[in-house]
Amino acid sequence: MPTLRGWSVSKLVPVILSGGAGTRLWPVSREAHPKPFMQLADGKSLLQKTFARAAGLKGVETIMTITNREYYFKTRDDCAAVKGVRSGIERAFLLEPVGRNTGPAVALGALWVREQFGEGAVMLVLCADHLIEDATAFEKTVGTAAELAGEAKLVTFGVIPAAADSAYGYIERGAAIGKTGAYEVARFVEKPSLELAEQYVASGRYYWNSGMFCFTAGAILAQLKAHAPSVLQGATACWEKIKAKKDDREATIELDAATFSALTEISIDYAVMEKSRDVAVVPGAFGWSDVGSWNAVSDLVRPDAKGNRVIGEAVLVDAENTFVRAEGRMVAAVGTRNLLIVDTPDAMLVADRDHSQDVKQVVKQLKLQEHESYKLHRTVIRPWGTYTVLEEGNRFKIKRIVVKPGGALSLQMHHHRSEHWVVVSGTAKVMNDDKEYSVNTNESTFIPAGHKHRLENPGKTDLVLIEVQSGEYLGEDDIVRFADQYGRK
């Protein structure tokens with residue numbers, strides 16, 4: 001029986017929830033490239049940090065990540081790229097066709113854990129977009145939670161507040177549970193006013209609600225049956241229609257779109273945690289942050305003498321308490337006070353620090369305007385690689401396309417545009433109607449509108465090419481797919 005920091009558990013299975021949009025972190029976080037994929041100053045994404053943290057816990061042999069079907073390939077690649085993970089850890093991915101909040105996600109995760117490891121297996125539910133600085137303290141807290149979970153408790157992690165903050169929900173503790181250092185939960189409190197938050201912190205009885213949980217698969221399924229039977233019934237119906245496959249040390253579970261979409265959209269907090277009488281809170285001080293705003297990102301950077309913080313290249317003149325994140329070009333700020341400046345290749349955010357929580361309103365307005373910057377970056381990640389829009393105008397668009405070794409675009413056709421491909425490096429394997437041929441570096445080929453075509457990289461290094469599109473309509477939805485090795489339709 002594996003042990004975790006001295007606690008005996010039958011099986012510890014981290015379940016990572018990776019689906020948050022992170023609209024308060026626009027323009028870096030966008031709908032097609034959300035917050036968990038956002039890289040911090042060290043070049044690692046929040047998802048990668050979470051996966052590494054889970055893999056570092058003793059006794060862990062399998063990690064499940066629950067994410068949207070559209071994020072699968074990027075999620076898989078991010079997890080596979082994490083260095084220092086001990087060999088033998090299996091990866092599993094449960095793919096949702098649409099978002100239904102954490103209630104259905106946890107229910108389906110529990111059904112999978114029960115099927116694989118039994119009702120007594122302990123689930124450690126983590127969020128992919130959290131940052132934890134003290135891994136040792138976190139592991140110790142997980143040990144306490146795992147022991148309580150083995151006693152049929154639903155355990156939540158309460159973060160000891162560093163200060164009063166109205167951006168977080170709070171947990172009020174009740175009676176102590178023996179000498180474990182944990183407490184019964186008296187109540188959960190929604191995000192309070194700052195005045196109330198100050199009272200909570202001063203009392204010493206309240207913790208920030210981290211959104212992380214620990215329980216056995218059997219316990220959470222029993223509690224779902226008692227408090228949210230419709231969620232469990234819907235999840236069970238969905239589970240009966242799963243499409244699962246396993247390759248090497250990786251399992252992929254794809255959920256039926258129609259059945260899953262019919263599930264109630266509800267958080268596990270509302271569905272179970274706030275109703276159950278078997279909930280415990282384990283307090284912890286492990287350097288937790290949900291990185292929920294640009295102020296939170298700024299706090300991760302060492303300030304200069306005037307409180308300025310910079311990621312990337314920036315020149316600040318007579319500036320105070322200014323945060324700059326620059327991607328790919330120099331940013332200069334003169335005489336600024338209390339500002340957030342986030343610059344990306346196609347969008348820039350300038351905001352007063354006191355309004356960092358309101359950045360999500362920008363995303364709402366962009367959606368209303370149907371401006372694609374709410375969803376896409378200039379460089380768009382695809383299963384086969386990336387494309388970057390270099391320039392576009394009336395009846396033309398120029399892209400830089402990078403295809404990974406072994407990658408292939410779908411067999412497709414466009415009604416309204418033709419394409420001219422110029423290979424910059426590598427060798428392209430091209431299907432153009434009924435012809436198949438190679439295009440080498442410094443060579444080009446032309447794909448007329450209406451031609452069925454496919455681009456592949458048969459080499460061992462990246463294939464880089466420039467694509468020039470021309471036609472009456474150049475939208476990304478002008479694609480008719482006939483076949484795709486990534487299962488896209």
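Any read-out appearing in this document is the output of simple, stated calculations on the displayed coordinates, not a laboratory observation. What you see is a predicted model; the values in this text were computed from it and never measured. Here the Cβ positions follow ideal geometry from the backbone for every residue, glycine too, while neighbour counts run over all protein chains shown.
Quick check: net charge around Val28, other residues with Cβ under 11 Å of its Cβ, Lys/Arg +1 and Asp/Glu -1? Here the charged neighbours net out to +2.
Summary: within the chain, the longest segment free of chymotrypsin sites (Phe, Trp or Tyr not before Pro) located in DSSP loops with at most 15 other C-beta atoms within 10 Å is 1-472. Projected over every direction and averaged, the convex hull enclosing the alpha-carbon atoms of the stretch 396-489 yields 5.4 nm². The relative contact order of the stretch 1-118, computed from alpha carbon pairs under 8 Å that lie at least 6 residues apart in sequence, is 26 percent. Counting only DSSP beta bridges whose two residues both lie in the chain, roughly 65 percent are antiparallel. For the chain, the Cα gyration tensor yields ellipsoid semi-axes of 41, 30, 20 Å (square root of five times each eigenvalue, largest first, whole Å).
Remark on the stretch 138-297: ratio of C-alpha radius of gyration to 2.2 N^0.38 Å is 1.18. Farthest towards the positive end of the charge dipole of the stretch 23-151, among the residues Ala135, Gln39, Val85, is the Cα of Gln39, using unit charges on the Cβ of Lys, Arg, Asp and Glu.
Which of Lys153/Lys179; Lys140/Lys275; Lys404/Lys429; Lys35/Lys367; Lys49/Lys367; Lys49/Lys489 have a Cα-Cα distance over 23 Å? Correct reply: Lys140/Lys275; Lys49/Lys367; Lys49/Lys489.
Relative to its Kirkwood radius, the Cα radius of gyration of the stretch 93-147 gives an Rg/Rh of 1.02.
Largest first and in whole Å, the equivalent-ellipsoid semi-axes of the stretch 320-381 read 23, 16, 8, each the square root of five times a Cα gyration tensor eigenvalue.
Magnitude of the charge dipole for the chain, about its Cα centre and with charges confined to Cβ atoms of Lys, Arg (+1) and Asp, Glu (-1), is about 800 debye. Just so you know, the Rg over Rh for the stretch 217-311 is 1.17, from Cα atoms, with Rh as the Kirkwood radius.
Using the Cβ-Cβ distance between Thr386 and Asp134 with R0 set to 30 Å, the FRET efficiency from 1/(1 + (r/R0)^6) comes to roughly 0.30. Descending by average beta-carbon neighbour count within 10 Å, the peptides 15-24, 330-339 line up as 15-24, 330-339, the highest first. Under 8 Å for C-alpha pairs, at least 6 residues apart: give me the relative contact order for the stretch 63-194, rounded to a whole percent. Across the stretch 63-194, relative contact order equals 16 percent. Averaging the sequence gap over all C-alpha pairs within less than 8 Å and six or more residues apart, then dividing by the number of residues, gives the chain a relative contact order of 14 percent. The convex hull defined by the C-alpha atoms of the stretch 1-129 has an orientation-averaged projected area of 8.2 nm².
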